[in-house]
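Please read the structure below before turning to the comments.
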Amino acid sequence: MDKSEILNRAKAYIAAEQDERFRKEVEDLVAKEDYKELEDRFYQTLEFGTGGLRGIMGGGTNRMNTLEINLATQGLANYVLKAFPKEAKAGTLKAVIAYDSRLNSDVFAEATALIFAANGIKAYLFSSLRPTPELSFAIRTLGAQTGVVVTASHNPRMYNGYKAYWNDGAQVIEPHDKGIIEEVNKVKEVKTMTRVEAIATGKLELIDKEIDEKFWEMCKAQLFRPALIKEKAKDVRIVYTPLHGTGAMHVEKVLGDLGLNIITVPEQREPDGNFPTVEKPNPEEKPALTLAVELAKKEKADGLMATDPDADRFGTAFPDKDGNWVLLSGNQMGALLMDYVLFSREELGKMPKNPAIIRSIVTSPFGDYICKKHNVKMMECLTGFKWIAAMEADFEKDGSADYVFGLEESYGYKVEKEVMDKDGVSAAAMCAEMILYWRSKGKSLLEHLDELYKEFGYFEDRAISQNFPGASGGETMKGIMADLREHAPLTLGGEKVVKIRDVQNSVIFDPANPSKKEPFNLPKSNVLQFYLESGTIVSARPSGTEPKIKFYINSLIPAGDGSDAWLADAKKKAAVLCDNISKDIQAKIDAASK
């Protein structure tokens, strides 16, 4: 991109941006003639994708700022007005808006609410920050046609985002996603009004406790053994961190009402978009839990829980027999919760007629074995909880199955039907009950996890992420994925690749006989999966929210004699296999990146 084009785009942005902070950033860059930074901010327009927006905050078309929020909301409002003509004519359209602790989230959320209001859509805006699962719950509770949560989830502090929801409480999917994108791209004028005017005309209403209280009761209603909790709750001490996000208000309330001893990390309890104690506010990242582990050791806690800034992700750690704290992966906690939900439903006579669990395609098949034991269907969907919610919605429409649990490896779980997104608050409550249950049986969660391994085989997970920022990053990522398709590895980690699943092209084939391809039914997505002889699965997937490619290794050492010696040996074999696969993946990345 030449300098004149960069300057033209920058000047057009300066003329359109009403937020002085973001406008001045670009004005200063133009004055300094910082063309390298200007190119990064203007080489593309931040795309309103299938779930909304996410990007680094700042001035420019390739940044999250008030102008991009305004354009996105006007496009969403235009689409809602067309999608619900009867309600639009009657003046009964509703939208719910929530936001998390990130910088500018409150500003973006109010701007969103006022644009809805100016377009004749009544906006219900939470009076202060609230978690993403509560936004989904509120849409369903209030009977709204749409909703927005301003959050960048677990991304680093410089990011923010905007997620759009539909009237079922789930993130938008086809055909609405494409329809909204078309409307966003057509926006020429943004309608808005003042906060005072919106409240005075009844087009803006602030909400809080009337939704909070219903949400808390819903989370507690999912539990199976209230009598056990009442009897044993005081026996367990749990350290919790909201990582400067929205979780403290809800997790402390729900777990506190259950009588549990909750000790919140004081340095991370208050919401703060600067995330001063962590580089990444992500419960998947071990460094993010450093303070929580230190407090857990000091308090001699029985467990540690963490939620990300918008409290939809849920992480845990527990002490082993030697007192070392072990951070559970999303797949491990997912397997434990799945196991607990299924045998509890069976034991208590609460198993529906045609039960089904839904997992994403990059989530470990560990749970498949647990489902088979309980005669429960395991269904697969694309990565992202919106796809789990969409499949659940299909169950409700056609009666093909009864939803009982949903999970994805990135610390996302849903134990309820009232929320159509992953929910760290209800997961925390269910995990707390599960801790108490296994303690009542004389076991820790880690000990029970080992029992599951001995029964079904040892599963170990690794994730490799490589970033490709800047104008050239996208092309590099495309090149790597194209190379993997054109020159697919025949072995990984010393094991033969026996099957490849290409989700983009909807085919499965044996790399030894690539001309013979079989179709399969999933929405298209740029994902490649390599199945190895042992049952290990390696998946490659470009991130939908960050400039990086993720590789997922779901290794499997098949079940042996179920002894402690077998398990110890299986863990060593899995570690070696994952190390070898990681080296092969890195070699492929390096070769394709040149």
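Between 48, 22, the distinction of being of a type in the set (Phe, Trp, Tyr), surrounded by 13 or more Cβ atoms within 10 Å (Cβ to Cβ) and at pLDDT 95 or above belongs to 22 only. Restricting the stretch 316-342 to residues that are farther than 17 Å from residue 433 by Cα and among the acidic types (Asp, Glu), the residue that is surrounded by the most Cβ atoms within 10 Å (Cβ to Cβ) is 320. The condition (being among the β-branched types (Val, Ile, Thr) and loosely packed, with under 14 Cβ neighbours inside 10 Å) is satisfied by just one residue among 146, 151, 194: 194. Residue check: residue 100 meets all listed conditions (1) touching a Phe, Trp or Tyr at 6+ places or on another chain (Cβ under 7 Å); (2) within 27 Å of residue 249 (Cβ to Cβ) but one, namely (1). Of the residues 549, 537, 585, the single one that is touching a Phe, Trp or Tyr at 6+ places or on another chain (Cβ under 9 Å), more than 30 Å from residue 391 (Cα to Cα) and open to solvent by less than 40 Å² (accessible area, probe 1.4 Å) is 585. Of all residues in the stretch 412-443, those that are open to solvent by less than 10 Å² (accessible area, probe 1.4 Å) and in contact (Cβ under 8 Å) with a residue 60 or more places away in the chain total 19. Looking at residue 238, is it open to solvent by 20 Å² or more (accessible area, probe 1.4 Å) and modelled with pLDDT of 95 or more? When the stated conditions are applied, residue 238 does not pass them.
Residues in the stretch 444-458 that are closer than 20 Å to residue 316 by Cβ and open to solvent by less than 50 Å² (accessible area, probe 1.4 Å): 444, 445, 446, 448, 449, 450, 452, 453, 458. Restricting 138, 98, 90 to residues that are open to solvent by less than 10 Å² (accessible area, probe 1.4 Å), out of contact with any Pro (no Cβ under 8 Å at 6 or more places or on another chain) and of a type in the set (Gly, Ala, Ser) narrows the list to 138. Against the test of being surrounded by fewer than 24 Cβ atoms within 10 Å (Cβ to Cβ), in contact with a Pro (Cβ under 8 Å, 6 or more places away or on another chain) and farther than 20 Å from residue 426 by Cα, the options 353, 373, 377 yield a single qualifying residue, 377. Scanning the stretch 319-336 for residues that are hydrophobic (A, V, I, L, M, F, W, C) and without any contact (Cβ under 8 Å) to a residue 12 or more places away in the chain yields a count of 0.
Under 6 Å by Cβ, and 6 or more places apart or on different chains, what pairs join a residue from the stretch 215-227 that is open to solvent by less than 40 Å² (accessible area, probe 1.4 Å) with one that is of a type in the set (Phe, Trp, Tyr)? From the stretch 215-227, the pairs are 215/137. When restricted to residues that are under 24 Å from residue 329 (Cα atoms), out of contact with any Phe, Trp or Tyr (no Cβ under 6 Å at 6 or more places or on another chain) and open to solvent by 40 Å² or more (accessible area, probe 1.4 Å), the stretch 268-293 contains 9.
Pairing each residue of the stretch 565-594 that is under 18 Å from residue 537 (Cα atoms) and of a type in the set (Ser, Thr, Tyr) with any residue that is modelled with pLDDT of 95 or more and surrounded by fewer than 13 Cβ atoms within 10 Å (Cβ to Cβ), provided the two are 6+ apart or on different chains, yields no C-beta distance under 6 Å. Selection of first residues in the stretch 65-77 that are closer than 18 Å to residue 166 by Cα and of second residues that are among the polar types (S, T, N, Q), restricted to Cβ pairs under 6 Å at least 6 apart or on distinct chains, gives the following pairs, ordered by first then second residue: 73/112; 77/119. Of the strands (runs of 3 or more DSSP E) lying entirely inside the stretch 359-423, those carrying at least 1 residues that are aromatic (Phe, Trp, Tyr) are 402-408, 412-414. Might you let me know whether the stretch 562-574 holds any residue that is surrounded by fewer than 19 Cβ atoms within 10 Å (Cβ to Cβ), out of contact with any Phe, Trp or Tyr (no Cβ under 8 Å at 6 or more places or on another chain) and part of a loop (DSSP other than H, G, I, E, B)? Checked the stretch 562-574: at least one residue is surrounded by fewer than 19 Cβ atoms within 10 Å (Cβ to Cβ), out of contact with any Phe, Trp or Tyr (no Cβ under 8 Å at 6 or more places or on another chain) and part of a loop (DSSP other than H, G, I, E, B).
Selection of the stretch 294-315 for residues being open to solvent by less than 10 Å² (accessible area, probe 1.4 Å) and part of a strand (DSSP E or B) yields 303, 304, 305, 306, 307, 314, 315. Pairing each residue of the stretch 85-101 that is within 30 Å of residue 242 (Cα to Cα) and part of a loop (DSSP other than H, G, I, E, B) with any residue that is among the β-branched types (Val, Ile, Thr) and open to solvent by less than 40 Å² (accessible area, probe 1.4 Å), provided the two are 6+ apart or on different chains, yields C-beta distances under 9 Å for 100/132; 100/149; 100/150; 100/151; 100/246; 101/151; 101/246.
For the stretch 444-557, the strands (runs of 3 or more DSSP E) that sit wholly inside it and include 2 or more residues that are in contact (Cβ under 8 Å) with a residue 12 or more places away in the chain and of a type in the set (S, T, N, Q) are 458-467, 548-557.
Scanning the stretch 419-451 for residues that are among the basic types (Lys, Arg) and touching a Cys at 6+ places or on another chain (Cβ under 8 Å) turns up nothing. Could you tell me which residue of the stretch 459-482 is most open to solvent (accessible area, probe 1.4 Å), considering only residues that are out of contact with any Asp or Glu (no Cβ under 9 Å at 6 or more places or on another chain) and of a type in the set (Asp, Glu)? So the residue we want is 475.
The values are calculated or read from the model by the stated rules, or taken from the named source; none is laboratory data. No experiment lies behind these values; they were computed from the predicted model shown. Using ideal geometry, Cβ is built from the backbone for each residue, glycine included, and neighbour counts are taken over all protein chains shown. Ligands, DNA and RNA are stripped out before the accessible areas are found, and what is left, the full protein with its side chains, is counted by its heavy atoms. Shrake-Rupley method; radii C 1.70, N 1.55, O 1.52, S 1.80 Å.
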